[in-house]
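K.L.:
Following this message is one structure expressed as structure tokens.
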Amino acid sequence: MNPGGKKEMVRMDKNKFSPFLITAVICFLTCFFYLNRIEFLDLLELKAYDLRLKARGKIETSKQVAIVAIDEQSLERIGRWPWTRSKMAELVEKIAQFGPKVVGYDISFFDPEKTAAQKELVLLAKKARDLNLLPNPKLRQYIKERLIKTNPDLTLALTLQKAASPQILGYYFNLDPQSVKNATSSNNHSTLPEAACYLAQKFVGQSKEVNFSVPVGYKVRHNIPLLAKVAAAEAYFNVIPDMDGVIRRYNLAIKYGEKYYQPLAAAMISLTNRSKIPTLVLSSAGLMGVEIGDFFVPTDEQGRMLVNYRGPEKSITHIPAWKFFTSQVQEQEVKNKWILIGVTAPAVYDLRVTPYGVAYPGAEIQATALDTMLRGDFLLRPNWAPLFDLGAIVLLGLISLFFLWRAGAFWTLIGFSGTAMLYLGLNFYLFKIGRYWLNVVYPLLGFGLNYLSLNVYRFIFADRQKRQIRQAFSKYLDPNVVEQVVSNPDKLKLGGEKLELSVLFSDIRGFTSISEKLKPEQLVSLLNEYLTEMTGIVLENKGLLDKYIGDAVMAVFGAPLHNDRHAYDACNAALEMMSRLKKLNEQWKERGIPVLDIGIGINTGEMVAGNMGSVERFDYTVMGDNVNLASRLEGLNKAYGTNIIISEYTKNKVENEFWFRSLDLVRVKGKKKAVEIFELLGSRKETCPIPYMEEYNLFMKHYRLGEFKKARNIVDKILEKHEQDKVVQLYRQRLDLLLENPPAHWDGVYTFTTK
């Protein structure tokens, strides 16, 4: 309690950092990280991509691709791997009889195969040469025929040559620059045979000086010349994993020497479109994709296509190789199909890590890439993806700033979670329906950092400010109103706004003489007790305790939180203050303390409400003529012998809810305009305290009209029964003077020359 002093002023912190600056810095840093590629965050994005791929579920295949799988059962039935070239020739022949469209080999034949019979014939030829028997034509012919019949490489070559459908053999690039220095095998040729599928270049636009980057092969291991010459083509079967060892992309070009070469899946399509040379499509922006006959495959700047996995292992049809040897294959399983031959048995270790696990057959990666090209359902990282990602980072930052951080802790958490889930849902929708890969990690990272930073800021600065506001205003406002003020702290800034409000002034009558009769400590105790009770009534009626002026109280109704019933609240508070004072006087009388009497003035009208003072320290208050009028009305109680006087402006707002009687038309000191004033008597929920209200109103009517004799007669009749009515007593004295000295011009207005 601060009797006789001004209300404590609110001090607003001037913080070096603001929410806008925090959001701007975090958005900038997140965009910077995004553009400069942080390895750890990129790794998280790759894992998030895998989750989206698996969450999407299985998708339809073209049903045109099948894998002849050399699986575990095939090894058990036919024999361990590698199979002899003769056995492979038998498999090639059995597949060919069903009429596939094209056959690709995800296996290689890097070295010649030496059989025991060949070794014996070589020894026989050596002995014959040593014994000088080779000139014998019959012996030479015998050795030659036997070498041909026992040569499995030749058997396989002849079988490949006879096959009606194109046969494409696979080879391997070593992408390690050190491999050239360490090369020892005679099969590591520096050039590729003519059968190797290469890519031409096609430029879109005027510029032909386009810089682009694809993987470079430094060493190559390809099939033995005997097989390479009879195959329709050769193509590499390299698949290059991402930084975490997972294969998500399929490289459509590798540079070797001065040429660009095709992978196995692309070469299989190329052979069905022999009229058009496969080309790298280039523009001023870089590599756009690869054109393979009638197919266009979009790629990234490194010539990589995202593999649109159809689902887990065996989503592409697997036909076990052993079924061909036992005639258990149906023609429709192979006829006009794109066939890939590969080893899927775990023991052979041709298993790769994909988003679907660590044991995915390499042949099925080739088959899935082929199936993706045939269906054209490419997963895309479009050209506008970076703009979308950067826009999402900024937009989520703005959502944090303008919509989330101002809410309470619970709703902030709900809003953050909901917005994050909404973005994830949108991202997944675009991934599943549009097949667009858009970034998740960077936008949500920025969003999360904004959320945390703004909440830390709010806890350190904004919430501290609210605590200061709550602490300051809790003494002057009802707790419910305080919370609403705290929720809108921006209103508590230097300056004001014009509002219609009600102001109440109250003052203790004869306080100076009372203070002279009491000891200082008794006076302080009495005043504190009185002000505590009066303040409580103001707060209970949604009022703002503006200030204490010695023993006087100033209260505002309708601010800082606007309330349309401010006039009612002010009048109700005044009546309650008089009722409470009556009870206090009874208690003080028993304790030998002088009784108190107060006067209350209330006015309603437009006034400026806001924070007045300096930038550092200011006081929320109201100013204006209507405030001054309320103060003058409080002082008029002495003249009329009343306790509560309200203006006509207040009375017009609440005339159906309270009892009043008109006191006078007055012109207070410092005002030219007259105002009608009323005595507030009580609530209309109760009986009117003045039973002679009709007589009083009739008297007032004659008085205003200047009919002083008629008015005097009514006054005398009222005083015969109610001689204690100080207002009527005042008017009898005033009427006596008016009858003795009639005014020349009567307007019914009484002018006060003192406050």
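The values are calculated or read from the model by the stated rules, or taken from the named source; none is laboratory data. All values derive from a computational prediction rather than experimental measurement. Please note: Cβ atoms are built from the backbone with ideal geometry, for glycine as well, and neighbour counts cover all protein chains shown. Surface areas here come from the heavy atoms of the whole protein model, side chains and all, with no ligands, DNA or RNA. Shrake-Rupley method; radii C 1.70, N 1.55, O 1.52, S 1.80 Å.
K.L.:
Which one of the conditions (1) surrounded by fewer than 22 Cβ atoms within 10 Å (Cβ to Cβ); (2) assigned to a loop (DSSP other than H, G, I, E, B) does residue 352 fail to meet, given that it meets all the rest?
P.N.:
Failing condition for residue 352: (2).
K.L.:
Now a separate question. Give the residue, chosen from 551, 564, 546, that is open to solvent by less than 10 Å² (accessible area, probe 1.4 Å) and of a type in the set (D, E, K, R).
P.N.:
546
Matching residues to (1) open to solvent by 50 Å² or more (accessible area, probe 1.4 Å); (2) in contact (Cβ under 8 Å) with a residue 60 or more places away in the chain; (3) within 60 Å of the chain's Cα centre (by Cα):
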{"position": "569", "(1), (2), (3)": "no, yes, yes"}
{"position": "574", "(1), (2), (3)": "no, yes, yes"}
{"position": "579", "(1), (2), (3)": "yes, no, yes"}
{"position": "589", "(1), (2), (3)": "yes, no, no"}
{"position": "596", "(1), (2), (3)": "no, yes, no"}
{"position": "599", "(1), (2), (3)": "no, yes, yes"}
{"position": "606", "(1), (2), (3)": "yes, yes, yes"}
{"position": "609", "(1), (2), (3)": "no, yes, yes"}
{"position": "633", "(1), (2), (3)": "no, yes, yes"}
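Quick grid of which residues meet (1) in a strand (DSSP E or B); (2) touching a residue at least 40 places away in the same chain (Cβ under 8 Å):
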| site | (1), (2) |
| --- | --- |
| 677 | yes, yes |
| 681 | yes, no |
| 688 | no, no |
| 700 | no, no |
| 710 | no, no |
| 719 | no, no |
| 724 | no, no |
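K.L.:
Kindly provide the set of residues from segment 57-97 that are within 25 Å of residue 270 (Cα to Cα) and under 57 Å from the mean Cα position of the chain (by Cα), ordered by number.
P.N.:
Within segment 57-97, 60, 61, 62, 63, 64, 65, 66, 67, 68, 69, 95 qualify.
K.L.:
Being open to solvent by 20 Å² or more (accessible area, probe 1.4 Å) and β-branched (Val, Ile, Thr) is the filter; apply it to segment 322-349 and report the residue that is nearest to residue 246 (Cα to Cα).
P.N.:
348
K.L.:
Would you pick out the residues in segment 422-439 that are within 19 Å of the chain's Cα centre (by Cα) and open to solvent by 70 Å² or more (accessible area, probe 1.4 Å)?
P.N.:
If the condition is that a residue be within 19 Å of the chain's Cα centre (by Cα) and open to solvent by 70 Å² or more (accessible area, probe 1.4 Å), then 422, 426, 429 are the ones that fit.
K.L.:
Report, by residue number, each residue of segment 72-93 that is open to solvent by 30 Å² or more (accessible area, probe 1.4 Å) and closer than 29 Å to residue 311 by Cβ.
P.N.:
Within segment 72-93, 72, 73, 76, 77, 78, 81 qualify.
K.L.:
What tally of residues in segment 550-602 results from selecting those that are over 18 Å from residue 682 (Cβ atoms), touching a Ser or Thr at 6+ places or on another chain (Cβ under 7 Å) and not in a strand (DSSP E or B)?
P.N.:
2
K.L.:
Those residues that are closer than 14 Å to residue 370 by Cα and not aliphatic (A, V, I, L, M), I need them from segment 61-81; list them, please.
P.N.:
Once the filter is applied, which keeps residues that are closer than 14 Å to residue 370 by Cα and not aliphatic (A, V, I, L, M), segment 61-81 yields 61, 62, 63, 64.
K.L.:
Still on this structure, I have one more. Is it the case that residue 316 is touching a residue at least 40 places away in the same chain (Cβ under 8 Å), surrounded by 20 or more Cβ atoms within 10 Å (Cβ to Cβ), at negative phi and out of contact with any strand residue (DSSP E or B) (no Cβ under 7 Å at 6 or more places or on another chain)?
P.N.:
Spelling it out, it is not the case that residue 316 is touching a residue at least 40 places away in the same chain (Cβ under 8 Å), surrounded by 20 or more Cβ atoms within 10 Å (Cβ to Cβ), at negative phi and out of contact with any strand residue (DSSP E or B) (no Cβ under 7 Å at 6 or more places or on another chain).
K.L.:
Counting only residues that are at pLDDT below 85 and outside any loop (DSSP other than H, G, I, E, B), which one in segment 198-219 is surrounded by the most Cβ atoms within 10 Å (Cβ to Cβ)?
P.N.:
Residue satisfying both the conditions and the ranking: 199.
K.L.:
Out of all the residues in segment 742-751, is one or more out of contact with any Gly (no Cβ under 9 Å at 6 or more places or on another chain), farther than 15 Å from residue 662 by Cα and not in a loop (DSSP other than H, G, I, E, B)?
P.N.:
Yes; the residues of segment 742-751 include at least one that is out of contact with any Gly (no Cβ under 9 Å at 6 or more places or on another chain), farther than 15 Å from residue 662 by Cα and not in a loop (DSSP other than H, G, I, E, B).
K.L.:
Quick test for you: out of 684, 667, 712, pick the one residue that is among the basic types (Lys, Arg), open to solvent by 10 Å² or more (accessible area, probe 1.4 Å), closer than 26 Å to residue 576 by Cβ and out of contact with any Gly (no Cβ under 6 Å at 6 or more places or on another chain).
P.N.:
Sole residue among the options that is among the basic types (Lys, Arg), open to solvent by 10 Å² or more (accessible area, probe 1.4 Å), closer than 26 Å to residue 576 by Cβ and out of contact with any Gly (no Cβ under 6 Å at 6 or more places or on another chain): 684.
K.L.:
Restricting to segment 635-646, give me the number of residues that are in contact with a Leu (Cβ under 6 Å, 6 or more places away or on another chain) and either closer than 20 Å to residue 499 by Cβ or open to solvent by 10 Å² or more (accessible area, probe 1.4 Å) (or both).
P.N.:
The total comes to 1.
K.L.:
Using the structure shown, decide if residue 381 is closer than 23 Å to residue 37 by Cβ, of a type in the set (Lys, Arg) and surrounded by fewer than 21 Cβ atoms within 10 Å (Cβ to Cβ).
P.N.:
Against the criterion (closer than 23 Å to residue 37 by Cβ, of a type in the set (Lys, Arg) and surrounded by fewer than 21 Cβ atoms within 10 Å (Cβ to Cβ)), residue 381 qualifies.
K.L.:
Can you confirm whether residue 412 is touching a Leu at 6+ places or on another chain (Cβ under 7 Å) and either open to solvent by less than 50 Å² (accessible area, probe 1.4 Å) or farther than 28 Å from residue 288 by Cβ (or both)?
P.N.:
yes
K.L.:
Still on this structure, please answer the following. Do we find that residue 446 is of a type outside the set (A, V, I, L, M, F, W, C), surrounded by 15 or more Cβ atoms within 10 Å (Cβ to Cβ) and within 30 Å of residue 302 (Cα to Cα) in this structure?
P.N.:
When the stated conditions are applied, residue 446 passes them.
K.L.:
Do you know which residues across segment 553-567 are touching a residue at least 24 places away in the same chain (Cβ under 8 Å) and closer than 11 Å to residue 500 by Cβ?
P.N.:
Hits for segment 553-567 are 557, 558, 559, 562, 566, 567.
K.L.:
Just a yes or no: is a residue in segment 385-402 touching a strand residue (DSSP E or B) at 6+ places or on another chain (Cβ under 8 Å) and either open to solvent by 30 Å² or more (accessible area, probe 1.4 Å) or assigned to a helix (DSSP H, G or I) (or both)?
P.N.:
yes
K.L.:
Residue pairs, Cβ under 8 Å, 6 or more apart or interchain, first in segment 36-54 and among the hydroxyl-bearing types (Ser, Thr, Tyr), second surrounded by 16 or more Cβ atoms within 10 Å (Cβ to Cβ). List them.
P.N.:
49/248; 49/355; 49/437
K.L.:
Follow-up question, since we're still on this one. List, please: which pairs have Cβ atoms under 6 Å, are six or more places apart or on different chains, and start with a residue in segment 269-288 that is of a type in the set (Gly, Ala, Ser) and open to solvent by less than 20 Å² (accessible area, probe 1.4 Å) and end with one that is modelled with pLDDT of 80 or more and part of a loop (DSSP other than H, G, I, E, B)?
P.N.:
Once the first residue is of a type in the set (Gly, Ala, Ser) and open to solvent by less than 20 Å² (accessible area, probe 1.4 Å) and sits in segment 269-288, its partners that are modelled with pLDDT of 80 or more and part of a loop (DSSP other than H, G, I, E, B) give 270/278; 286/212; 286/301.
K.L.:
Given the condition assigned to a strand (DSSP E or B) and modelled with pLDDT of 95 or more, answer yes or no: does some residue in segment 104-113 qualify?
P.N.:
yes
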